[in-house]
Structure formats: C-alpha cells, structure tokens
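Undergrad: Let me give you the structure first, and then I'll get to my questions.
Nothing in this text is a laboratory measurement; each read-out follows from the coordinates by a stated rule. Since this is a predicted model, take the numbers as computed values, not measurements. Here Cβ is always computed from backbone atoms with ideal geometry, including for glycine, and neighbour counts include all displayed protein chains.
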Amino acid sequence: MTPIELHRANPAPADTSRYQVRPLDSGDYYHLQALEEQIWSGDASGKLCGYYLRLCTEMFSDWCFIAMDGDRPVGYVLNFPKGKVNYCATLAVHPDYQKTRVNYLLIRAMVRKLVVEQMEECRFLVEPDNHDARSVHAALGARVVAEVADYYHPGDRRLWSVINKDDMDRIRAKYARLQLVS
C-alpha cells in the first residue's frame with residue numbers, strides 16, 4: 001500500500017468571478033484549520049479536530065468543497081456519502097462573507113455533486129435555532145424527520161432533515177433543465 005502523498009492546495013482555476021469553489025485537496029487542510037479557528041473558536045461543539053479535517057482532505061476530498069476569495073479561504077461544505085445517501089456534515093462561511101454569494105456557490109457545488117453521483121437522499125443535522133441553515137435545507141426540499149437529544153453532549157439538541165428520493169429527482173430535473181449538469 002502506497003502512503004498518502006500530501007501537497008499544497010491547488011490554485012483556484014482561472015475565472016472572472018470573484019469567488020472560486022472547488023473540491024478539497026491535501027493542502028486545504030491548513031485552510032480548513034484557519035477557517036475553523038475564525039468561525040468556531042467560541043463554539044465547543046462546532047470546532048472540528050485535525051483528524052476530522054484530514055479525513056475530509058484525504059478520503060472525501062471529492063465530496064467536500066472549499067470557497068476561496070483569491071488566496072483567502074472563506075467557506076466550506078463537508079459531505080460524507082454512504083451508498084446512495086449523502087450526509088452533509090457542515091456548511092460554514094466566514095462571518096465577513098455570510099451575506100455574499102459564497103453560501104449559494106457552496107450549496108450549488110454540493111447539489112451538483114449529488115445530482116452527478118445519482119444520490120437518492122441527502123441528510124442534514126442542525127441545531128433547532130439555526131434558522132438560516134434550516135431555511136436552506138427547506139428550500140432544497142428537506143423535511144425534519146427526527147429530533148435527537150444529547151447528541152454531542154448532555155442538553156444538546158439536533159434536528160435531522162432529509163431530502164428524499166422524490167425531492168432528489170425534482171432537483172435532478174431542475175439542474176438538467178438549467179444545464180448545470182449534462
């Protein structure tokens with residue numbers, strides 16, 4: 001078995017738009033670490049550990065996406081597929097960029113991947129009072145299917161939302177109609 005080869009992040013592809021969204025690679029580990037500190041430093045259950053970040057950059061890099069503003073990392077979305085079900089673990093955007101197109105571009109990259117890979121379901125785990133995330137999930141067709149108590153620690157509550165197969169078929173048809181996928 002060959003060891004994993006680590007390298008620096010690829011430069012953003014040439015494009016005229018301000019923001020670039022691309023799949024992760026090994027060098028993005030450092031970008032993710034920086035974003036974790038900037039976004040989640042005050043939230044004990046939000047900040048991800050180094051092992052988790054390496055899992056994203058080495059094992060699930062084609063399912064996880066990073067948004068860049070030039071050389072500056074400004075957001076990411078982390079996904080984990082299992083069969084034909086995707087688990088969207090985290091979508092995070094630097095506070096300075098939350099009112100920009102970055103959220104939209106990350107979501108579009110994720111949904112395009114779901115469509116291209118013919119996924120049948122997408123699941124989200126979210127805090128009940130995270131209304132911004134819940135509205136994005138609802139706009140994609142997700143419905144809350146369960147509430148889980150004590151998820152990360154005693155007193156922590158999370159909601160599971162799901163985009164089911166019918167909703168994925170609707171999204172797939174829309175992306176084909178808009179020619180966002182072939």
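Undergrad: Can you list which of the chymotrypsin sites (Phe, Trp or Tyr not before Pro) found in the range 26-66 are DSSP loop residues with at most 16 other C-beta atoms within 10 Å?
TA: On the way: sites: 29, 30, 40, 51, 52, 60, 63, 65; in loops: 60, 63.
Hits after loop and neighbour filter: 60.
Undergrad: At a Förster distance of 22 Å, what's the computed FRET efficiency of residue 71 paired with residue 98, Cβ-Cβ distance as r, to 0.05? Walk me through the numbers on the way to the answer.
TA: On the way: r = 20 Å, r/R0 = 0.90.
The calculated FRET efficiency here is 0.65.
Undergrad: Percent relative contact order of the range 19-177, based on C-alpha pairs within less than 8 angstrom and at least six residues apart? Provide the component values of the computation, followed by the final result.
TA: Details: 253 pairs, mean separation 28.8, N = 159.
Relative contact order, the range 19-177: 18 percent.
Undergrad: May I ask you to list the residues of the range 95-119 whose amide nitrogen lies under 17 Å from a point 7 Å from Cα along the Cα→beta-carbon direction of residue 17?
TA: Output list for this probe position: 97-116.
Undergrad: While we're looking at this one, here's another question. Could you list the trypsin sites (Lys or Arg not before Pro) in the range 65-164 that lie in coil according to DSSP, counting only those with at most 15 other Cβ atoms within 10 Å of their Cβ? Walk me through the intermediate numbers first.
TA: On the way: sites: 82, 84, 99, 101, 108, 112, 113, 123, 134, 143, 157, 158; in loops: 84, 99, 101.
Passing sites in the range 65-164 are 84, 99, 101.
Undergrad: Here are labelled values, (i) 18.6; (ii) 17.6; (iii) 17.1, and one is the computed Kirkwood radius over Cα pairs in Å for what I pasted. Which one?
TA: Given (i) 18.6; (ii) 17.6; (iii) 17.1, the calculated one carries the label (iii).
Undergrad: How high is the FRET efficiency from residue 60 to residue 129, r the C-beta distance, R0 22 Å, rounded to 0.05? Before the final figure, lay out each step's value.
TA: Values: r = 28 Å, r/R0 = 1.27.
In this case the efficiency is close to 0.20.
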